[in-house]
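Worksheet: the structure to be examined is printed underneath.
Laboratory data are not the source of any read-out in this text; all were calculated from the coordinates shown. What you are looking at is a predicted structure, and each value in this text was computed from that prediction instead of being measured. Cβ sites come from the backbone with ideal geometry, for glycine too, and all protein chains shown count toward neighbours.
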Amino acid sequence: MSLLDRIKSPADVKTLTRAEIDQLAVEMRHVIIQTVARRAGHLAPNLGVVELALALHRVYDSPRDKIIWDVGHQSYPHKLLTGRAEGFDTLRSLDGISGYPRRAESEHDPFGTCHGSTSISAALGLAVARDLHHEDHHVIAVIGDGALTGGMAFEGLNNAGELGRRLIVILNDNEMSISPNIGAIHRYLTKLTTSRMYRAFERDVFELLGKLPRLGRQAQEAARRIKEGLHNLVVPGVLFEELGFKYFGPIDGHDFDVLVETLSDLRRFEVPVLLHVVTRKGRGYGPAEGDARTFHGIGTFDPDTGTAAKGGKKTYTHVFGATAIEIAERLPEVVAVTAAMTDNTGLTPFSQRFPDRFFDVGMAEEHAVTFSAGLAAGGLLPLTAIYSTFLQRAFDQIIHDVAVQDLRMVLCVDRAGLVGEDGAPQHGAFDVGYLRMIPGMILMQPRGGAELRDMLWTAAKLERGVAAVRYPRANIPEADLPTGEPRLLPLGVSEQLRAGGDVAILALGTMVDPALEAAETLAAGGISATVVNARFVSPLDERAITGLARSVGRIVTVEENVVAGGFGSAVSECLDRHGLSGTPQLRIGIPDEWVLHGPRDRLLERIGLDAAGIARRASDWIRSTQRQYT
């Protein structure tokens, strides 16, 4: 039996010998590598925090003590140590273990984290709740240097320092985001100033100066000023100290003994403390250590060589990236903006082709949108690429800083719809509703790669206002990749793909092809269906919608978005405006529930957004309305 097989709860970590801890760390890394190789997921960040997770569970008592892992990119070792090792091979699979901390999954996950920069605010809330309940346990937030770039992290730090509650924040610095320009000198001086020998020397000199009769208190004060000046120059702790935190570190995040000693010492503080640990992404796995950026979040790969499995098809993201370059070559005012997602939004080639016209602002979506608004106000045209789920964070900025001012901008909404294995908090299920409600917003979704290029080009050629193009995390068939010149699409005009007299199916984006397939199934059952590629949510093709309502008499809308407030709701409002509210309508979309993680096609099938599900829902509904109206 392996050591990991013996770990049923964090209490078991406390019983291990020092040698067994090292062996357990090796086993944990092996399991994480092998599992991610099969299931995909976040590899390098998790390999970097194995010793930290072990030390935390050696010192603290979860679930009594609360440990929050920011973003959740670092939570796999924590899952292995909290009773989930046996089922870890189901990671990110349908009905399996989530890739992020999830309250419903374990009592050891006190707060769900999937969007960055939330841990400090959540931990402060838990600490205040603890104090109001007169309880006595520790609350620990582990936040990476990338997540610390988000403004919400600093809001949490500011409030925590003001309230002064007992709280431990661990800054996991993998040397990729904080002070990268200081380099070797910074590392050398940091190592020197955090060593036990240096601390003892510092204390002895300080006391000695105070004992010299001619120097006394004046010398002590002078020594204190010199020490404080050097400390603030060398150690990046002055910011946290000014915010009201006791700052400790940096320390080696892979030195288990130092981690345990330091974490044990921090238990005695009754004020907010921040421990700065330095780790290496991908620790213990050569390919990930050598290319932590690629192995941060990766698809399936060969664990022996680190070679990623070849993706056979281009994705919507690939087409966006290529189109962004094409647009920038034609329009010199075009710039590209993203929020810590250069690779995953397909903008790496753009950043290489136009380095002066590309901006990755870090994990700060609100800033990304308002920064883009400033660029637009300065006469540029930003293509701002943000995942749908993260764009939610900038909803106010889209309204207040962009739309109200009628600024010219293109929102490139990646990962719209279900994102598969990343699960409920990451699904782009709400953007149709929260974007279409904004006055003047032009909102489009393509049925394939060629139409994505046309929509981006159409959006870029608008003379004023904000346009949003939403597109999924999905492959594109070879036959549907862009060719020739991009087309300008007439605004608010749909495309009828099939004619039928019993029902009109208005499908948006990814649902067009399943709707066409569903129409074939319906035809085999004696139901004739019109199928329309809606293209636009705003402005709607009201002429086509009202015409179909009058001629066909039944309307079904299909969208990969929540039904409430979505495309179907927009069609219903259109019918109402034109006095056609009595038209029978069926709205099909993401149901009123949290869709969990799993392969995207399996999730769509489960919620009835595949061809068979659309045909079944439409057929049952049509037959029920026939009985109702006969």
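So how much slack lies between Gln23 and Asp5, counting 0.36 nm per residue of separation and subtracting their Cα-Cα distance, in nm?
Working it through step by step, the gained length comes to 5.2 nm.
Assuming 0.36 nm per residue, please report the length gained on full extension of the stretch Leu94 to Thr625 beyond their Cα-Cα distance.
187.6 nm
Under 21 Å between alpha carbons: how many lysine pairs meet that in the chain, if sequence neighbours fewer than 8 apart on the same chain are excluded?
Count of close lysine pairs: 12.
Identify, among Val13, Gly525, Leu239, the residue whose Cα sits farthest towards the positive end of the charge dipole of the chain, taking +1 on the Cβ of Lys and Arg and -1 on the Cβ of Asp and Glu, with the dipole about the Cα centre.
Leu239
How much mean residue ellipticity at 222 nm does the chain get from its helices, if each DSSP H run of length 4 or more adds -39500 (n - 2.57) and you divide by all residues, to the nearest 500 deg cm²/dmol?
Taking each H run of at least 4 residues, the total per residue is -12000 deg cm²/dmol.
Roughly what % of DSSP beta bridges within the chain run antiparallel, to the nearest 5?
DSSP beta bridges in the chain are roughly 15 percent antiparallel.
Give me the distance in nm between label points sitting 7 Å out from Cα along the Cα-to-Cβ direction at Lys313 and Lys14, one decimal.
Using points 7 Å along Cα→Cβ, the separation is 5.2 nm.
Could you run the Karplus curve 6.51 cos²θ - 1.76 cosθ + 1.60 with θ = phi - 60° over segment 444-456 and give me ³J(HN,Hα) per residue in whole Hz, x for Gly and Pro?
Ordered by residue, 3J(HN,Hα) equals 10, 9, x, 8, x, x, 5, 6, 4, 4, 4, 5, 5 Hz.
What is the angle, in °, between the Cα long axis of helix 50-59 and the longest principal axis of the Cα atoms in the chain? Nearest 10 is fine, range 0 to 90.
Between helix and principal axis, roughly 60 degrees.
Name the residue farthest towards the positive end of the dipole of the chain from the options Gly151, Pro425, Ile590, assuming +1 on Cβ of Lys and Arg, -1 on Cβ of Asp and Glu, about the Cα centre.
Positive-most Cα among the choices belongs to Gly151.
Quick check on packing: order 554-564, 245-255 by the mean number of other C-beta atoms within 10 Å, highest mean leading.
Those peptides, ordered most packed to least, come out 554-564, 245-255.
Could you tell me whether the chain comes out rounded, prolate or oblate from its Cα gyration tensor? Rule is a ≥ b ≥ c as square roots of the eigenvalues, rounded for a/c under 1.5, then prolate if a/b exceeds b/c, otherwise oblate.
Taking the square roots of the gyration eigenvalues as a ≥ b ≥ c, the chain is prolate.
Against the longest alpha carbon principal axis of the chain, how many degrees, from 0 to 90 and to the nearest 10, is the axis of helix 316-330 turned?
The angle comes out at about 90 degrees.
Which cross-chain or sequence-distant (5 or more) residues have an amide H under 5 Å from the amide H of Asn174, H modelled 1.01 Å from N in plane?
Asp145, Thr279
For Ile251, what residues show an amide H to amide H distance below 5 Å, using hydrogens built from the backbone and excluding near sequence neighbours?
His276, Val277, Val278
Full-extension gain between His134 and Arg38, please, as 0.36 nm times their residue separation minus the C-alpha to C-alpha distance.
30.0 nm
Going highest first, how would you order 396-405, 71-80 by mean Cβ packing within 10 Å?
The peptides rank, most packed first, as 71-80, 396-405.
Using the count of nearby Cβ atoms within 10 Å as a rough guide to exposure, how do Thr338, Thr384, Thr294 rank from fewest to most?
Arranged by neighbour count, lowest to highest, Thr338, Thr384, Thr294 become Thr294, Thr338, Thr384.
Sort Arg487, Arg464, Arg436 by Cβ crowding within 10 Å, fewest neighbours at the top.
The fewest-first ordering by Cβ neighbours comes to Arg464, Arg487, Arg436.
How far, in degrees from 0 to 90, does helix 216-234 lean away from the longest principal axis of the Cα atoms of the chain, to the nearest 10?
In the chain, helix 216-234 runs at an angle near 30 degrees to the longest axis.
Estimate the FRET efficiency between Glu542 and Leu331 by the formula 1/(1 + (r/R0)^6), using the beta-carbon distance for r and 25 Å for R0, to the nearest 0.05.
That pair, Glu542 with Leu331, gives E of 0.25.
Taking the number of other C-beta atoms within 10 Å as the exposure measure, put Met363, Met409 in order starting with the fewest.
Starting with the residue having the fewest Cβ neighbours, the order is Met409, Met363.
Which one, Pro349, Val402, Gln392, is farthest towards the positive end of the dipole of segment 343-411 when Lys and Arg carry +1 and Asp and Glu -1 on their Cβ?
Of the options given, the answer is Pro349.
In terms of modelled amide H atoms, which long-range or inter-chain residues lie less than 5 Å from the amide H of His597?
Asp95, Ala424
Distance in nm between label sites at Asn475 and Asp592, each 7 Å beyond Cα in the beta-carbon direction?
The two pseudo-label positions are separated by 3.7 nm.
Could you give the size of the charge dipole of the chain about its Cα centre, using +1 on the Cβ of each K and R and -1 on the Cβ of each D and E, expressed in debye and rounded to the nearest 20?
Computed about the Cα centre, the dipole is about 220 debye.
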